[in-house]
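A.B. asks: I have a structure here, written as structure tokens, and I will follow up with some questions on it.
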Amino acid sequence: MRKWVSRFLFLFVLVLLAGGAAIWLLEYYPRYNSRPPLRLAKGTLAIPHARIYVSPVDPPMEDGTVLVRDGVIAAVGAGVATPPGARVIPCDHCIVTAGFWNTHVHFTEPKWSMAQWKSAAALNPQLADMFLSRGFTTVIDLGSNPADTFAIRRRIEKGELAGPYIYTAGTAIYPPHGVPFYLRETLPGWVVKVMPQPDTPEQAQRIVRNNLNSGADVTKLFTGSWIERGRVLPMPLNIARAAVTTSHLNGRIVFAHPSNLPGTQVAIQSGVDVLAHVPDDTRGITQDLFATMVRQNMAMTPTLKMFSTTVTSDPHYMDPMYEEVRTFHALGGTLLFGTDVGYMTDYSTEGEFEALGKSGLDWRDVLAMLTVNPAARMGVQDRKGSVTVGKLADLVVLDADPAADLKNFSRVQAVIRSGALIWQK
């Protein structure tokens, strides 16, 4: 009897150890070195005979050259010579802008699962389809499995994968018992149970600290969560305030999913920095509310195509959201570009540019959303956001002029990131 008990205990301990090792390998090992150093390309690269949009406020440079050396913009202008031995990006009167940002993405599709262990041959086409072919050199992940996001980011910065620079929120934070219905309907029940849903301010603080300590760069709150069709649950204000305060004390900004008026009010009153969507339930959303946001220096990422694609394109639903963007912009509000890809499986960007045009924005406004606005909001305007000598060589080459048609922002011909040509049509 004792021998049988000893064997049972031995096997039980062995199973526990094997299970623990498997969890460590799948979830925690991929999180090591979660903030890898930036990798700069070596060598010289030139883009001659281009129309260069230095920034949204500068006049375009005609027939100019962008010269890149060791990952940094070395010269910009009409009289810049291409040195011998430089790699030349063919450009027959193409358009060159700073690299684009997508400030709302996710790595939640099954194809990203266990990214640490998947081959570059599997992941690179996915990164190209979702980001590079759309011109994105920098993205902000607003809630995914950190093990996958950190693994992808680390492998990109080590040169194993070709992709954008990734900022991440780690795991999003929800109201108590407030995971959205569309996630509960698609995720396993055990996953929903472990998603952060703090009941107290102290729990919210602890979750934020753990997220940031593990390598997250921003915080994402669901200040308004669609827990049922037709019903939004707002996050308690004291919980939202605790999460925002903890993030700000650690030098990080906070994004919020607002959904409706109460969710937007919680975001405003708690001090959130960016609305991750325009509120889609527009009832009670007034110009005065947007004016308050502008006074508090809150920014907004509209994600208009996501709503028309995943909810409905009915003008009775979409037109009020176009008007929200128009009003916020007219008041001087800062807009950021984002599409919610990863949740939305249609990666094309033409629809978002078209929707922004319906909201009254011109090409300068949209270029700002894609470049200088997100760079400034993330505090890296000295390194990114414009085609300026001394900044990182994050660049997009377009084969048509967005000043003629906003959808031409989607006509991407080549993408340079940190001085390396990482995608070409």
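A.B. asks: Do you know which residues across region 370-385 are outside any loop (DSSP other than H, G, I, E, B) and either touching a residue at least 60 places away in the same chain (Cβ under 8 Å) or polar (S, T, N, Q) (or both)? Give the steps one after another, and end with the answer.
C.D. replies: Within region 370-385, the first condition is being outside any loop (DSSP other than H, G, I, E, B), and the residues that meet it are 370, 372-377.
Passing the criteria: 370, 372, 373, 374, 375, 377.
A.B. asks: I need the full set of residues from region 375-401 which are farther than 17 Å from residue 61 by Cβ and within 21 Å of the chain's Cα centre (by Cα), in order please.
C.D. replies: 375, 376, 377, 378, 379, 380, 381, 382, 383, 384, 392, 394
A.B. asks: Filter region 297-322 down to the residues that are hydrophobic (A, V, I, L, M, F, W, C) and in a loop (DSSP other than H, G, I, E, B), then identify the one that is surrounded by the most Cβ atoms within 10 Å (Cβ to Cβ).
C.D. replies: Let us first name the residues in region 297-322 that are hydrophobic (A, V, I, L, M, F, W, C), namely 298-300, 304, 306-307, 311, 318, 321.
From the residues that got through so far, the ones that are in a loop (DSSP other than H, G, I, E, B) too are 298, 311.
Values: 298: 21, 311: 12.
It comes out as 298.
A.B. asks: In contact with a strand residue (DSSP E or B) (Cβ under 9 Å, 6 or more places away or on another chain), open to solvent by less than 10 Å² (accessible area, probe 1.4 Å) and within 23 Å of residue 140 (Cβ to Cβ): is that true of residue 325 in this structure? Break it down into steps so the answer makes sense when it comes.
C.D. replies: Values: in contact with a strand residue (DSSP E or B) (Cβ under 9 Å, 6 or more places away or on another chain): yes; open to solvent by less than 10 Å² (accessible area, probe 1.4 Å): yes; within 23 Å of residue 140 (Cβ to Cβ): yes.
Considered against the rule, which asks whether it is in contact with a strand residue (DSSP E or B) (Cβ under 9 Å, 6 or more places away or on another chain), open to solvent by less than 10 Å² (accessible area, probe 1.4 Å) and within 23 Å of residue 140 (Cβ to Cβ), residue 325 comes out as yes.
A.B. asks: Looking only at region 331-369, which residues are hydrophobic (A, V, I, L, M, F, W, C), assigned to a helix (DSSP H, G or I), closer than 23 Å to residue 297 by Cβ and open to solvent by 10 Å² or more (accessible area, probe 1.4 Å)? Outline the logic, then answer.
C.D. replies: First, pick out the residues of region 331-369 that are hydrophobic (A, V, I, L, M, F, W, C): 331, 335-337, 341, 344, 353, 355-356, 361, 363, 366-369.
Going one step further and asking which of them are assigned to a helix (DSSP H, G or I), we end up with 353, 355-356, 363, 366-369.
If we keep only those that are closer than 23 Å to residue 297 by Cβ too, we end up with 356, 366-369.
The answer is 368, and nothing else.
A.B. asks: Take the residues in region 63-114 that are closer than 17 Å to residue 420 by Cα, assigned to a strand (DSSP E or B) and charged (D, E, K, R), then tell me which one is most open to solvent (accessible area, probe 1.4 Å).
C.D. replies: Only one residue tops the list, namely 87.
A.B. asks: Right, here's the next one. Filter region 184-196 for residues that are closer than 17 Å to residue 144 by Cβ and either assigned to a loop (DSSP other than H, G, I, E, B) or within 19 Å of the chain's Cα centre (by Cα) (or both) and give the result.
C.D. replies: 186, 187, 188, 195, 196
A.B. asks: Here's a follow-up. Within region 161-179, count every residue that is open to solvent by less than 10 Å² (accessible area, probe 1.4 Å), in a strand (DSSP E or B) and touching an Asp or Glu at 6+ places or on another chain (Cβ under 7 Å).
C.D. replies: 2
A.B. asks: What are the residues in region 46-69 that are β-branched (Val, Ile, Thr) and farther than 22 Å from residue 376 by Cβ, if any? Talk me through it step by step, then tell me what you get.
C.D. replies: Just the residues of region 46-69 that are β-branched (Val, Ile, Thr), to begin with: 47, 52, 54, 57, 65-66, 68.
Those that are β-branched (Val, Ile, Thr) and farther than 22 Å from residue 376 by Cβ: 47, 65, 68.
A.B. asks: Just checking, which of 282, 327, 292, 286 is without any contact (Cβ under 8 Å) to a residue 24 or more places away in the chain and over 22 Å from residue 105 (Cβ atoms)? Full working, then the answer.
C.D. replies: Details: 282 fails: without any contact (Cβ under 8 Å) to a residue 24 or more places away in the chain; 327 fails: without any contact (Cβ under 8 Å) to a residue 24 or more places away in the chain; 292 fails: without any contact (Cβ under 8 Å) to a residue 24 or more places away in the chain.
Answer to the selection: 286.
A.B. asks: Looking at residue 295, is it charged (D, E, K, R) and within 24 Å of residue 325 (Cα to Cα)? Don't jump to the end; show me each part of the working.
C.D. replies: Numbers: charged (D, E, K, R): yes; within 24 Å of residue 325 (Cα to Cα): yes.
Spelling it out, residue 295 is indeed charged (D, E, K, R) and within 24 Å of residue 325 (Cα to Cα).
A.B. asks: Working only within region 370-425, note down all residues that are open to solvent by less than 30 Å² (accessible area, probe 1.4 Å) and among the β-branched types (Val, Ile, Thr).
C.D. replies: Selection gives 371, 380, 387, 396, 397, 412, 415, 416.
A.B. asks: Still on this model: For residues that are in a helix (DSSP H, G or I) and not hydroxyl-bearing (Ser, Thr, Tyr), scanning just region 271-296, find the one that is most open to solvent (accessible area, probe 1.4 Å).
C.D. replies: Residue satisfying both the conditions and the ranking: 295.
The values are calculated or read from the model by the stated rules, or taken from the named source; none is laboratory data. Please read all numbers here as calculations on a predicted model, not as lab measurements. Every residue, glycine as well, gets a Cβ built from its backbone with ideal geometry; the counts of neighbours run over all protein chains shown. Surface areas here come from the heavy atoms of the whole protein model, side chains and all, with no ligands, DNA or RNA. Shrake-Rupley method; radii C 1.70, N 1.55, O 1.52, S 1.80 Å.
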